[in-house]
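The values are calculated or read from the model by the stated rules, or taken from the named source; none is laboratory data. Please read all numbers here as calculations on a predicted model, not as lab measurements. We place every Cβ from the backbone using ideal geometry, glycine too, and count neighbours over all the protein chains shown.
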Amino acid sequence: MNGEGLQHQDGHSPINASLVPNCISYDPAFAYEVAVIIRDGIRRMYDEQESVFYYLTAYNEPYVQPAMPKGAEAGILRGLYKVCAAESTRGAAAKNAARVHLFGSGPIIRNVLRAQEILSEQFGVLADVWSVTSYTELYRDGLECDRWNRLHPDQPARVPYLQQALAKEPWPIVAASDFVKSVAGRIERWTPKGLCALGTDGFGRSDSREALRRHFEISAEHIAYAALWELAQAGSFDRKRLPAAIRALNIDPEAADPSRA
């Protein structure tokens, strides 16, 4: 169990964990995710006697814990499930509205949920929010499918879980976490429309979580703007509206690059 404060002690932790084949790593956002993961870990390690061990990232940030969505167990263990569908938000007309996926991990999920509201209420954009409990599990599953397909060209191709989950919703993705951008970036090859990764590359120089997340550009406002940018790149949002969006979200375009500062 890895306890964290304002910023991860090691922003590369999931990448390091993925180098150990029998290490199963998760970055849960909610208490019910932890419960599902621990229960499965007990089953695998003790009941099934599998030679694996688990690495969970835990946080000291208190926030309201919701009930688990129906049928979420399988997605929690495989690394991804939908927390809040776009249709549950208000302010955006569903018909012909631009659509985007927002991925969140750990406590950043709250910023992602707030970004969903901002997009709906201020810009008429519909966003589905997903909790990514394990980029490592998604990455390993993608690699495993790719390898099997490469070595079995005469067999029906296997489809990674991530592609299955997004098959009917091929929209741009913005992924935010407390880890470095390359953690989420590893799964881009299996996404339908690419992925914009937001993370904590660089040094943290802030005295509060809110300031730290603004510094690293993983605040709700930065997540919402990244979604607008990705939609504009895809031709689903008017690029001429982007400067006004920057002002409305109180984003400083001249702020120092956190990965260089």
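Is the range 98-106 home to any residue that is closer than 24 Å to Ser182 by Cβ, outside any helix (DSSP H, G or I) and in contact with a Gly (Cβ under 8 Å, 6 or more places away or on another chain)?
No, the range 98-106 contains no residue that is closer than 24 Å to Ser182 by Cβ, outside any helix (DSSP H, G or I) and in contact with a Gly (Cβ under 8 Å, 6 or more places away or on another chain).
For the range 175-187, the criterion of being at pLDDT 95 or above and of a type in the set (Phe, Trp, Tyr) is met by none of the residues.
Of the listed requirements (1) closer than 19 Å to His222 by Cβ; (2) loosely packed, with under 14 Cβ neighbours inside 10 Å, Pro66 misses just one: (1). Scanning the range 32-73 for residues being assigned to a loop (DSSP other than H, G, I, E, B), of a type in the set (Val, Ile, Thr) and either in contact (Cβ under 8 Å) with a residue 40 or more places away in the chain or within 14 Å of Ser134 (Cβ to Cβ) (or both) gives a total of 1. Does the range 148-161 contain at least one residue that is modelled with pLDDT of 95 or more, touching a helix residue (DSSP H, G or I) at 6+ places or on another chain (Cβ under 9 Å) and crowded, with 24+ Cβ neighbours inside 10 Å? The answer is no, given that none of the residues of the range 148-161 is modelled with pLDDT of 95 or more, touching a helix residue (DSSP H, G or I) at 6+ places or on another chain (Cβ under 9 Å) and crowded, with 24+ Cβ neighbours inside 10 Å.
Taking the range 1-31 as the range and being at pLDDT below 95, surrounded by fewer than 18 Cβ atoms within 10 Å (Cβ to Cβ) and assigned to a helix (DSSP H, G or I) as the test, only Asn16 passes. Between residues in the range 130-157 that are free of Cβ contacts under 8 Å to residues at least 12 places away in the same chain and residues that are among the small types (Gly, Ala, Ser) and surrounded by fewer than 23 Cβ atoms within 10 Å (Cβ to Cβ), which pairs lie under 6 Å by C-beta distance while being six or more apart or on different chains? Listed by first residue and then by second, the contacts come to Asn149/Ala157. Exactly one residue out of Ser259, Ser236 is buried (at least 16 other Cβ atoms within 10 Å of the Cβ) and either assigned to a loop (DSSP other than H, G, I, E, B) or touching a Pro at 6+ places or on another chain (Cβ under 7 Å) (or both): that is Ser236. Does the range 162-175 contain at least one residue that is touching a residue at least 24 places away in the same chain (Cβ under 8 Å), of a type in the set (S, T, N, Q) and touching a Gly at 6+ places or on another chain (Cβ under 6 Å)? Checked the range 162-175: no residue is touching a residue at least 24 places away in the same chain (Cβ under 8 Å), of a type in the set (S, T, N, Q) and touching a Gly at 6+ places or on another chain (Cβ under 6 Å). The residues of the range 74-97 that are crowded, with 17+ Cβ neighbours inside 10 Å and either modelled with pLDDT of 95 or more or in a strand (DSSP E or B) (or both), listed by number, are Gly75, Ile76, Leu77, Arg78, Gly79, Leu80, Tyr81, Lys82, Val83, Cys84. If we scan the range 189-211, do we find a residue that is small (Gly, Ala, Ser), touching a residue at least 40 places away in the same chain (Cβ under 8 Å) and touching an Asp or Glu at 6+ places or on another chain (Cβ under 6 Å)? Checked the range 189-211: no residue is small (Gly, Ala, Ser), touching a residue at least 40 places away in the same chain (Cβ under 8 Å) and touching an Asp or Glu at 6+ places or on another chain (Cβ under 6 Å). Look at (1) over 15 Å from Pro258 (Cα atoms); (2) part of a helix (DSSP H, G or I) and you find that Lys193 fails only one, number (2).
A single entry from Cys196, Cys145 fulfils the requirement of being among the hydrophobic types (A, V, I, L, M, F, W, C), touching a strand residue (DSSP E or B) at 6+ places or on another chain (Cβ under 7 Å) and crowded, with 17+ Cβ neighbours inside 10 Å: Cys196. The residue that is nearest to Asn111 (Cα to Cα), among those in the range 223-261 that are β-branched (Val, Ile, Thr) and free of Cβ contacts under 8 Å to residues at least 60 places away in the same chain, is Ile251.
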